[in-house]
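Following: one structure in structure tokens, then a few remarks.
The values are calculated or read from the model by the stated rules, or taken from the named source; none is laboratory data. Bear in mind the structure is a predicted one, so any value in this text is a computation, not a measurement. Please note: Cβ atoms are built from the backbone with ideal geometry, for glycine as well, and neighbour counts cover all protein chains shown.
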Amino acid sequence: MGEEFDAYWDEQKRLALEKLSHDEGLNADGLEKVIGDYLFTEKVPMRDDVIEIMDTRPSLKQRATVAERVIEKIKGFIETFIEGVD
């Protein structure tokens, strides 16, 4: 049953990544890199790193708000799919 759960969880993780990428207009490969860097360095992504992977960059006035929202979603993804599975 462990293998079935692992396959299910991997699929849920992939779907959650796709949803986050789609909902926030993020480059999927860039998002995976930002998450990988976050896991490796244990440092929250910088706003500029998040803005850089957006398909459409927000105005200067909106950048801080949008970047913070995306960073919170990335942290939530990691808490759920990476840290929550041990």
inquiry  = Residues that are assigned to a loop (DSSP other than H, G, I, E, B) and among the aliphatic types (A, V, I, L, M): does region 29-51 have at least one?
reply    = yes
note = Per the filter on region 65-79, residues modelled with pLDDT under 95 and over 21 Å from Asp29 (Cβ atoms) are Glu79
inquiry  = Which condition from (1) surrounded by 11 or more Cβ atoms within 10 Å (Cβ to Cβ); (2) more than 21 Å from Arg69 (Cβ to Cβ); (3) hydroxyl-bearing (Ser, Thr, Tyr) is the one that Tyr8 breaks?
reply    = (1)
ask   = If you check Ile35 against the conditions, is it on the phi < 0 side of the Ramachandran plot and in contact with a strand residue (DSSP E or B) (Cβ under 6 Å, 6 or more places away or on another chain)?
value = no
message = Checking Ser21 against (1) on the phi > 0 side of the Ramachandran plot; (2) under 9 Å from the mean Cα position of the chain (by Cα): exactly one of these is not met. Which one?
response = (1)
task = Kindly establish whether Thr56 is in contact (Cβ under 8 Å) with a residue 24 or more places away in the chain, exposed (fewer than 14 other Cβ atoms within 10 Å of the Cβ), among the polar types (S, T, N, Q) and assigned to a loop (DSSP other than H, G, I, E, B).
result = yes
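Condition check ((1) loosely packed, with under 12 Cβ neighbours inside 10 Å; (2) under 22 Å from Glu83 (Cα atoms); (3) without any contact (Cβ under 8 Å) to a residue 24 or more places away in the chain) across all residues:
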{"residue": "Leu20", "(1), (2), (3)": "no, yes, no"}
{"residue": "Gly30", "(1), (2), (3)": "no, yes, yes"}
{"residue": "Ile35", "(1), (2), (3)": "no, yes, no"}
{"residue": "Leu60", "(1), (2), (3)": "yes, no, yes"}
message = Looking at region 11-18, can you tell me whether even one residue there is of a type in the set (Lys, Arg), exposed (fewer than 13 other Cβ atoms within 10 Å of the Cβ) and either assigned to a helix (DSSP H, G or I) or on the phi < 0 side of the Ramachandran plot (or both)?
response = yes
query = If you go through region 19-28 one residue at a time, how many are part of a helix (DSSP H, G or I) and out of contact with any Leu (no Cβ under 9 Å at 6 or more places or on another chain)?
reply = 3
